[in-house]
Amino acid sequence: MSDVSAVKAALKSQVIETPSWGYGNSGTRFKVFAQPGVPRDPFEKLADAAQVNSFTGVAPKVSLHIPWDRVEDYAALTRYAEGLGLRIGAINSNVFQDDDFKLGSVTHPDPKVRRKATDHLLECVDIMDATGSPDLKLWFSDGTNYPGQDDISGRQDRLAEALAEVYERLGDDQRMLLEYKLFEPAFYTTDVPDWGTSYAHCLKLGPKAQVVVDTGHHAPGTNIEFIVAFLLREGKLGAFDFNSRFYADDDLMAGAADPFQLFRIMYEVVKNGGMKPATNVNFMLDQCHNIEAKIPAVIRSVTNVQEATAKALLIDVEALAAAQRSGDVLAANGALMDAYNTDVRPLLADVREELGLARDPFAAYLASGNQERIAADRVGGEQAGWGA
């Protein structure tokens, strides 16, 4: 796309969904480091998300995580979000932190535990109804640690049964987004370990079930952009969870570890129509900021996704197609590299200025004084962080 005005229009229309848990305290298996000013309830998480949106202009949606974001009145939470210029995005289920789920949730050998897990997923659909959320996002930690621990195919049967029940509960304008993860916390088998397993279940369920690609959930060297291209071709890419990984599921800021990979992914998104509203791909962040300040880290992730998108939009598609047709390997690769090596920060600064925003959202936020205000105001109470 060589028309700069068209590139700008595409960037202005991009929507990046931020995660409520990205604003709370989080940590590793070893330690959760508390920070001043961290939200004490879901309402304060939304207030922080509104800060990100006000400085970037492209983050009006917020994912909720249940039970971390459970409230008595979801209509009131929704009205509060709308008053901040936000809307509720995906509802994320949690069937991995209860003691009953030690051996699995919907794939557990005990039918009573499976019933408990499925009932939680159905509760999440009720919350979708109450908040107007269109997406139910499912991630299962279910798996086994040792050969022979459980029946592998039997667990797939249990998974399919639970997914089918929840799928039938969805409304006409709601969908199920099924995430996958290579390993952790299970180490021998994971019940949804890869995109193929997720795709197979979604294909059997029907058109309201689609795959989530978390960029941190793959083996080293996996060609994630191939997965993205394939799922877009099949109409089964429902959402991204953008983050960065150096070793495993690090959940670091998007674009921090391998910005070139993020660019390659966004190239396939742009090329295969993933930016079009009709495709309905949800561009979500899924990150846990353990040592860095929360709001600035989310802003940085949003701008990193924007930069990768801008570079993908700037590819000379005609030159690239001509090189591909003629078999000119170097020219084809050069067309991508020329776009990747373009400094798109001035372009994005112009886009923000045209939207009435500061040219540098990161610096503008730090200068706003909000970080100091929330540190002073949010003293006392239970901080709504990891595992809350």
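Evaluated against (1) in contact with a helix residue (DSSP H, G or I) (Cβ under 9 Å, 6 or more places away or on another chain); (2) closer than 20 Å to SER198 by Cβ; (3) open to solvent by 10 Å² or more (accessible area, probe 1.4 Å); (4) in a helix (DSSP H, G or I), LEU163 falls short on exactly one condition, (3). Checked against the criterion of being touching a Leu at 6+ places or on another chain (Cβ under 7 Å) and either under 24 Å from GLY89 (Cβ atoms) or crowded, with 24+ Cβ neighbours inside 10 Å (or both), the candidates LEU237, LEU252 yield just one match: LEU237. Looking at the stretch 104-121, which of its residues are of a type outside the set (Lys, Arg) and buried (at least 17 other Cβ atoms within 10 Å of the Cβ)? The answer is GLY104, SER105, VAL106, THR107, HIS108, VAL113, ALA117, THR118, HIS120, LEU121. The C-beta contact set for the stretch 192-209 (first residue over 20 Å from ALA278 (Cβ atoms), second residue surrounded by fewer than 18 Cβ atoms within 10 Å (Cβ to Cβ) and of a type in the set (D, E, K, R), distance under 8 angstrom, 6+ apart or interchain) comprises TYR199/GLU234. Within the stretch 24-34, can one find any residue that is open to solvent by less than 30 Å² (accessible area, probe 1.4 Å) and under 19 Å from GLU372 (Cα atoms)? For the stretch 24-34, residues open to solvent by less than 30 Å² (accessible area, probe 1.4 Å) and under 19 Å from GLU372 (Cα atoms): present.
Looking at GLN149, GLN156, just one residue is more than 30 Å from VAL71 (Cα to Cα), in a helix (DSSP H, G or I), touching a residue at least 12 places away in the same chain (Cβ under 8 Å) and of a type in the set (S, T, N, Q), and that residue is GLN156.
Scan the stretch 74-101 and report the pairs whose first residue is closer than 30 Å to ASP191 by Cβ and assigned to a loop (DSSP other than H, G, I, E, B) and whose second residue is of a type in the set (Gly, Ala, Ser) and open to solvent by 60 Å² or more (accessible area, probe 1.4 Å), with Cβ atoms within less than 7 Å and a gap of 6+ or a chain change. Once the first residue is closer than 30 Å to ASP191 by Cβ and assigned to a loop (DSSP other than H, G, I, E, B) and sits in the stretch 74-101, no partner that is of a type in the set (Gly, Ala, Ser) and open to solvent by 60 Å² or more (accessible area, probe 1.4 Å) comes close enough. Just one of the numbered conditions (1) part of a loop (DSSP other than H, G, I, E, B); (2) open to solvent by less than 30 Å² (accessible area, probe 1.4 Å); (3) at pLDDT 95 or above; (4) out of contact with any Pro (no Cβ under 8 Å at 6 or more places or on another chain) is not true of VAL38: (3).
Is there a residue in the stretch 171-184 that is open to solvent by 30 Å² or more (accessible area, probe 1.4 Å) and over 16 Å from ASP142 (Cβ atoms)? Yes, the stretch 171-184 contains a residue that is open to solvent by 30 Å² or more (accessible area, probe 1.4 Å) and over 16 Å from ASP142 (Cβ atoms).
Residues of the stretch 248-281 being of a type in the set (D, E, K, R) and at pLDDT below 95, which ones? Passing the criteria: ASP249, ASP250, ASP251. Can you work out which of the residues in the stretch 53-78 that are among the β-branched types (Val, Ile, Thr) and open to solvent by less than 20 Å² (accessible area, probe 1.4 Å) is nearest to LEU366 (Cα to Cα)? In this case the residue turns out to be THR56.
Each row is one residue, and each column tells you yes or no for (1) surrounded by 15 or more Cβ atoms within 10 Å (Cβ to Cβ); (2) touching a residue at least 24 places away in the same chain (Cβ under 8 Å); (3) assigned to a helix (DSSP H, G or I).
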{"site": "GLY274", "(1), (2), (3)": "yes, yes, no"}
{"site": "ILE295", "(1), (2), (3)": "yes, yes, yes"}
{"site": "VAL302", "(1), (2), (3)": "yes, yes, yes"}
{"site": "VAL305", "(1), (2), (3)": "yes, yes, yes"}
{"site": "ALA308", "(1), (2), (3)": "yes, yes, yes"}
{"site": "LYS311", "(1), (2), (3)": "yes, yes, yes"}
{"site": "ALA321", "(1), (2), (3)": "no, no, yes"}
{"site": "ASN333", "(1), (2), (3)": "no, no, yes"}
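The values are calculated or read from the model by the stated rules, or taken from the named source; none is laboratory data. These numbers come from a predicted model, not from an experiment. Here Cβ is always computed from backbone atoms with ideal geometry, including for glycine, and neighbour counts include all displayed protein chains. SASA here: full protein model, heavy atoms, side chains in, ligands and nucleic acids out. Shrake-Rupley method; radii C 1.70, N 1.55, O 1.52, S 1.80 Å.
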